[in-house]
Amino acid sequence: MLGQDSIQDFTQGLSQEHMLVLEELDMLERALKAKDLPRIAGTLRFFDEKVALHRRKEEEILFPALAKFPPIAHGPIACMLEEHREEKRLLEEIRHSLDAIEKGGDAWARLRASVAGVLSLLRAHIMKEDKVLFPLAERTLVEEDAAKVRRRMEEVGYFFGPSAQPRLQG
Ligand SMILES: [Fe+2]
């Protein structure tokens, strides 16, 4: 028996990544107020390099494992996937506005609107995953599926380290 630990390993790993995403969003909010374009570009890089891996762990590993259960597939997972699409759309808008501003155009209003959109979308989205989806996964996945999910997530890796393990001690 693997027990509950193996499920919490990966849900806690994903939640730890969420905390870093929330910190990055706070930084993005400050950077926008300060009109710090290089820092805003830094947030886009953070999403390209790190959050893309986080989304992969959710979309390619966790969600398909949960999608075996039709009420979860049609409810929470459909909603999370739609929010991931909206997240990517808003990030593209931010990228376009940054490009336009760097080329001398006035895209500040558009940039402010897209940043406000991504901040509110992701803060709410992360709360839903942490408070609804992950507890649901902990209650629903059988040990064998949970162990598979955990193994595959560790292959992809977590962006605060090679494994969530050290964070779980104590
Ligand atoms: Fe997430």
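Each value in this text was obtained by applying a stated rule to the coordinates, not by laboratory testing. Quantities reported herein were computed from a predicted structural model and do not represent experimental measurements. When we count neighbours, we look across all protein chains shown, and the Cβ atoms used for this are built from the backbone with ideal geometry, even at glycine.
The C-alpha atoms of the chain define a longest principal axis, and helix 37-46 lies at about 20 degrees to it.
Can you list which of the trypsin sites (Lys or Arg not before Pro) found in segment 1-102 are DSSP loop residues with at most 10 other C-beta atoms within 10 Å?
Of the trypsin sites (Lys or Arg not before Pro), not one in the loops of segment 1-102 has a Cβ with at most 10 other Cβ atoms within 10 Å.
Each Cα pair under 8 Å and six or more residues apart adds its separation to the average, and for the chain the resulting relative contact order is 43 percent. In a reduced charge model with +1 at each Lys and Arg Cβ and -1 at each Asp and Glu Cβ, segment 5-155 shows a dipole moment near 400 debye about its Cα centre. This ranking places Val132, Val21, Val149 by how few other beta-carbon atoms lie within 10 Å of each, fewest first, which gives Val132, Val21, Val149. In order along segment 121-130, phi translates into HN-Hα couplings of 4, 6, 5, 6, 4, 5, 4, 5, 5, 5 Hz, rounded to whole numbers, per the Karplus curve 6.51 cos²θ - 1.76 cosθ + 1.60 with θ = phi - 60° and x for Gly and Pro. Net length available on complete extension from Glu144 to Arg95 is 13.5 nm, with 0.36 nm assigned per residue and the Cα-Cα distance removed. Excluding same-chain neighbours fewer than eight residues apart, the lysines reachable from Lys68 by a Cα-Cα span under 18 Å are Lys57, Lys148.
Residue order for Phe159, Phe47, Phe10, fewest other beta carbons within 10 angstrom first, comes to Phe159, Phe47, Phe10.
Across the options Ala116, Ile101, Met127, the greatest Cα extent toward the positive end of the charge dipole of segment 91-131 (unit charges at beta carbon of Lys, Arg, Asp, Glu) belongs to Met127. Computed across segment 1-152, the Kirkwood hydrodynamic radius from all distinct Cα-Cα pairs reaches 16.5 Å.
Here the residues Thr11, Thr43, Thr140, ranked from fewest to most Cβ neighbours within 10 Å of their Cβ, fall in the order Thr140, Thr43, Thr11. Rounded to whole numbers, the Karplus 3J(HN,Hα) couplings from phi for segment 62-67 are 5, 4, x, 5, 7, 5 Hz, using 6.51 cos²θ - 1.76 cosθ + 1.60 with θ = phi - 60°, and x at Gly and Pro.
For Ala107, the residues whose modelled amide H falls within less than 5 Å of its own, excluding neighbours fewer than 5 places apart on the same chain, are Ile101. The spacing between segment 30-55 and segment 130-155, judged by their C-alpha centroids, is 28 Å.
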